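This report concerns only the one structure given below.
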Amino acid sequence: MECFGKLNSNRKTNTGTLEALLELKIDRPDEEIRRKVLANWDRVAKPLNGMGRFEALIARIGAACRMEKPDITKKAVIIMCADNGIVAEGISQSGQEVTLAVAKNMAKKRSSVGRMAEQIGADTIPVDIGMNCKERIPGILDRKIRCGTRNFNEEPAMTQAEALKAIFTGIELAADCKKKGYRILATGEMGIGNTTTSSAVAAALLDCDVSKVTGRGAGLCDEKLAHKRQVIARALERYHLRGKTALTVLETVGGFDIGGLAGVCMGGALFHIPVVLDGVISMVAALLAERILPGTCAYLIPSHKGKEPAMEKICQELGLRPVIQGEMALGEGTGAVMMLSLLDLALAVYQDGATFSDIQVAQYEKYEG
């Protein structure tokens, strides 16, 4: 595949250039396969559209991976772990030491996402893309760009080179998963302060009021929430971010986890691997990816709505409708793992369910109107 050649040439420096990023192109999913999958659903012995939105989602997956009978048995959750300098402004209940503590638990498969992924046979791939620590942790992939971003209240969170490195790290991880035979990916993250960075990126890209996309994160009180919103609003005004390019927004107020997940989304699209999104940080990364590399969104699968207010606006912008309405706010990729389990169940009906021919009953006919 042409894209692999480009990425391999960039791998010498573990980064990519802006020119290389802008040269990337995405093939549209296979529309003919999508239609075939939908037609196959109609042959399954059930009411027409009886599996609801899962029929369209399985068709979307089939079109993405170019398989009329999609196989998502080999699945992985890529979890980007990073710290955010904006934590210094008191926008979170916790300090950066929590990022490291949870990441170490992830490495042992004992965090929430690890336990859930084990139940459905999914592999977890935690990645240190920018935690504020010097140690290398067994079980965590070392792709550290820097020990956390800078405090964007004082200076841009990262340089353009660092932002590009985060994106290409995600793309390369998706490429590596493709080579290892993974058929579907899910996104996850861990990083104290990342609901602040994601809200800032969302407000800038959607050009909306900060209060409309900024929530309580891990449970801020009213006073702390108001402060969080003020910090974001000041940054957007200070850097004149409304109307700026997506890459500029990322490097100014974003996080390494957001950039890395945006790269995973792009990589999924480039290498024809459907990517299941988690909560608000993953959704912001998806929005960023679509703005940088149009067409990425066609390869993305929503999972749950989540509690953060930015979710609804981003879903509307991208045309994605989450299936799970669980009011979750756990992060780590847990909502995406739940969605993977539901997709497995839907595929069992699609691939192995009795057909009308099997039970010798006339197939239902579709009527317009």
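The values are calculated or read from the model by the stated rules, or taken from the named source; none is laboratory data. Keep in mind that what you see is a predicted model, and the values were worked out from it rather than measured. Cβ coordinates were reconstructed from backbone atoms using ideal geometry, including for glycine residues, and neighbour counts include every protein chain displayed.
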Checklist entry - Going by the conditions given, is TYR350 of a type in the set (Phe, Trp, Tyr), farther than 22 Å from ARG216 by Cα and either touching a Gly at 6+ places or on another chain (Cβ under 6 Å) or modelled with pLDDT under 95 (or both)? => result no
Checklist entry - Tally time: how many residues in the stretch 160-216 are in a helix (DSSP H, G or I) and among the basic types (Lys, Arg)? => result 4
Next on the checklist: Of the residues ALA246, ALA161, ALA218, ALA233, only one is modelled with pLDDT of 95 or more and under 20 Å from the mean Cα position of the chain (by Cα); which?
Outcome noted: ALA246
Checklist entry - Do we find that ILE140 is modelled with pLDDT of 95 or more and either touching a Pro at 6+ places or on another chain (Cβ under 9 Å) or surrounded by fewer than 24 Cβ atoms within 10 Å (Cβ to Cβ) (or both) in this structure? => result yes
Checklist entry - Just one of the numbered conditions (1) aliphatic (A, V, I, L, M); (2) more than 22 Å from the chain's Cα centre (by Cα); (3) under 30 Å from GLU223 (Cα atoms) is not true of ILE137; which one? => result (3)
Checklist entry - GLU154 fails exactly one of the following numbered conditions: (1) surrounded by 15 or more Cβ atoms within 10 Å (Cβ to Cβ); (2) closer than 18 Å to VAL231 by Cα; (3) modelled with pLDDT of 95 or more. What is the number of that condition? => result (1)
Checklist entry - Just to be sure, is GLY16 surrounded by 18 or more Cβ atoms within 10 Å (Cβ to Cβ), in a helix (DSSP H, G or I) and either at pLDDT below 95 or within 18 Å of the chain's Cα centre (by Cα) (or both)? => result no
Checklist entry - Quick one: how many residues across the stretch 76-122 are outside any helix (DSSP H, G or I) and either touching a Lys or Arg at 6+ places or on another chain (Cβ under 7 Å) or at positive phi (or both)? => result 5
Item to check | Positions within the stretch 297-322 being within 20 Å of THR197 (Cβ to Cβ) and in a helix (DSSP H, G or I), in sequence order | outcome: ALA310, MET311, GLU312, LYS313, ILE314, CYS315, GLU317, LEU318
Item to check | Of the criteria (1) at pLDDT 95 or above; (2) assigned to a loop (DSSP other than H, G, I, E, B); (3) among the aromatic types (Phe, Trp, Tyr), which one TYR364 fails | outcome: (1)
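Which is among the aliphatic types (A, V, I, L, M), surrounded by fewer than 21 Cβ atoms within 10 Å (Cβ to Cβ) and not in a loop (DSSP other than H, G, I, E, B), of ALA286, ALA348, ALA329? Quick ask: steps written out before the conclusion?
Details: ALA286 fails: surrounded by fewer than 21 Cβ atoms within 10 Å (Cβ to Cβ); ALA329 fails: not in a loop (DSSP other than H, G, I, E, B).
The conditions single out ALA348.
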Item to check | Output for the stretch 104-131, where each listed residue is of a type in the set (A, V, I, L, M, F, W, C) and either touching a Cys at 6+ places or on another chain (Cβ under 8 Å) or free of Cβ contacts under 8 Å to residues at least 60 places away in the same chain (or both) | outcome: MET106, ALA107, ILE125, VAL127, ILE129, MET131
Checklist entry - Can we say GLY181 is under 22 Å from VAL275 (Cβ atoms), over 18 Å from the mean Cα position of the chain (by Cα) and of a type outside the set (Asp, Glu)? => result yes
